[in-house]
1. Let me check I've understood the local charge: for Asp135, count other residues with C-beta under 13 angstrom from its C-beta, Lys and Arg +1, Asp and Glu -1. What total comes out?
2. Grab the eigenvalues of the alpha-carbon gyration tensor for region 192-281, scale each by 5, take roots, and send me the semi-axes largest first in whole angstrom.
3. Based on the mean of other Cβ atoms within 10 Å per residue, sort peptides 126-135, 100-109 so the most packed one is first.
4. Students often get this wrong, so check it: of Lys86/Lys248; Lys160/Lys281; Lys160/Lys298; Lys23/Lys123, which have C-alpha atoms separated by over 26 Å?
5. Okay, helix-only estimate at 222 nm for the chain: each DSSP H run of n ≥ 4 adds -39500 (n - 2.57), divide by all residues, round to 500 deg cm²/dmol; what do you get?
6. Please report how far the C-alpha centroid of region 222-298 lies from that of region 154-203, rounded to the nearest whole angstrom.
7. Would you pull out the residues with amide H under 5 Å of Trp17's amide H, same chain only if 5 or more places away, H placed 1.01 Å from N?
8. What list of ³J(HN,Hα) couplings, whole Hz, do you get for region 168-176 from phi and the Karplus terms 6.51, -1.76, 1.60, once you set θ to phi - 60° and write x for glycine and proline?
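FYI, it's all coordinate maths here, none of it is from the lab. In this text, all values refer to a predicted model and were calculated from it rather than measured experimentally. Reconstructed Cβ throughout: ideal geometry from the backbone, glycine too, with neighbour counts over all protein chains shown.
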Amino acid sequence: MNCLHCGRKMNTNENDWHEKCIKTFFGTKEMPSLDFSNKQLTTLAKNSIKQGLAITGVQKKLSLHLQNKADVRLTIVDYPTGYILKPPTEDFDSLPEFEDLAMRLAKIAGIQTVPHGLVKVNKKYAYITKRIDRDIKNDIVKLYAMEDFCQISKRLTQDKYRGSYESCGRVIKDFSIRPGLDLSELFLRIGLSFIIGNSDMHLKNFSLIEQKPATRAFALSMAYDLLPVNIIMPEDKEQFALTLNGKKRNIRRKDFIEFAQNCQISKKSAENMLIKLCSLKDKFLLQCDNSYLTFNQKLKMQELITERISTLTSSMIDY
């Protein structure tokens, strides 16, 4: 059994999460209780949406508040909310497990990711993540301004698929206090998204966040909402949510090189980042094996990763 937070082996006296991981993620000595049935979670999600309290998005997302008293527990839709829970859905199999795997693959690639893990709810897995736009200690809340690229570009939410990754690069150059570092991070995220079949990295899935509260000094936030959509929804034939070098499908290595140069990333740096991503193939495949997906789901992930890395390496002569 591996820890549902860090993925490492569990000690014999521990259950689901390491004690150290519980302390790091929740700030508590024991795992908070979350005793809801799947039916109750679905009802709560619907009620939250009706009340306008749910975070927008396709997945059901529930805001959680940690009550750290005699009985440590996570409660639904209470203020201040420090966590987000994504319960399993009847629409797609293993959605929490897929997101957890995608985030772990990103971490292997050296991409900064929001704190996350899996929790068991009525013998099924739910995905939990810690909010990074607030720091809550003893109910004292410090807020960090955080704006996604849709907001920054003054676009409506329904226009989140209208744009390009080049335009994301321009947002970083215009507003980030560390544009060089963030542009490289953007390149890695797009490269990793291609490899794992994440065709839903739209404008709302990139954000800038204050580095200190009330400073208005922004930088690219940690990665969040990563999903291998091409596996979950094989009918989706697009490889990207936004255009890369004017394309959303039939992406090749040369498209990444063109994108990099558009963002003033040197060709050599772009090549090195692609080489790095492709060199992680065995680690990616092993992480798939260690995930909580079914055997067939693991196999499909591994086949896609192998195919996409082959596309990147075999197209080296294209440019």
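1. +3
2. 24, 19, 13
3. 100-109, 126-135
4. Beyond 26 Å between Cα atoms: Lys86/Lys248; Lys160/Lys281; Lys160/Lys298.
5. -12000 deg cm²/dmol
6. Taking the Cα centre of region 154-203 as reference, the centre of region 222-298 is 13 Å away.
7. Under 5 Å from the amide H of Trp17: Leu4.
8. 5, x, 5, 4, 4, 5, 7, 10, 7
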